Amino acid sequence: MAYETPAPQAAVDEDFCLPGLELQHDLQFSLADWTSAGDIVQRLSAAGAHLHALSLRPRAGGFVLSCRVKAISAAQARAFLSDCADIITGAASVEHLLLSTARDHAGA
């Protein structure tokens, strides 16, 4: 019998989470102008992301915008970086986080 290349598997839901965990994304952007942060936040909202945290810091003649978002998939978070290429002046990154949603029961 001749070797046959296996058919590609259908994409698995990349946002699968175990009970008690949720997927969030840390996005970082290098910006030349701090006012570009507002445009990025508006684009995140239009993409359906829920902004959980935001920080804007000066760095090397520009700014670094950090956003933690949820309610979008990992693929959407990665694609968002490409969608903002017209605003970003340097590097951009996304880190995917699986965080516990269970409350701390240490004192109970």
>> For Leu65, only one of the following conditions fails: (1) in a strand (DSSP E or B); (2) touching a residue at least 40 places away in the same chain (Cβ under 8 Å); (3) touching a helix residue (DSSP H, G or I) at 6+ places or on another chain (Cβ under 9 Å); (4) crowded, with 18+ Cβ neighbours inside 10 Å. What is its number?
In response: (2)
> Across region 30-55, what is the number of residues that are in contact (Cβ under 8 Å) with a residue 24 or more places away in the chain and either closer than 17 Å to Ala91 by Cα or not aliphatic (A, V, I, L, M) (or both)?
Replying inline: 12
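Which of the following residues is at pLDDT 90 or above, surrounded by 13 or more Cβ atoms within 10 Å (Cβ to Cβ) and closer than 27 Å to Leu18 by Cβ: Ser73, Ser93, Ser36?
Values: Ser93 fails: surrounded by 13 or more Cβ atoms within 10 Å (Cβ to Cβ); Ser36 fails: closer than 27 Å to Leu18 by Cβ.
Result of the check over Ser73, Ser93, Ser36: Ser73.
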>> Given the criterion farther than 23 Å from Gly20 by Cβ, surrounded by 14 or more Cβ atoms within 10 Å (Cβ to Cβ) and under 10 Å from the mean Cα position of the chain (by Cα), identify the matching residue among Leu81, Leu54.
In response: Leu81
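Any idea which residue in region 68-78 is nearest to Ile88 (Cα to Cα), counting only those that are of a type in the set (A, V, I, L, M) and in a helix (DSSP H, G or I)? Explain how you work it out, then say what you get.
Here is the first cut: in region 68-78, the ones of a type in the set (A, V, I, L, M) are 69, 71-72, 74-75, 77.
Retained after the next criterion (residues that are in a helix (DSSP H, G or I)): 74-75, 77.
Working: Ala74: 20, Ala75: 19, Ala77: 15 Å.
Only one residue fits best here, namely Ala77.
The values are calculated or read from the model by the stated rules, or taken from the named source; none is laboratory data. This is a predicted model, so every value here is computed, not measured. Cβ coordinates were reconstructed from backbone atoms using ideal geometry, including for glycine residues, and neighbour counts include every protein chain displayed.
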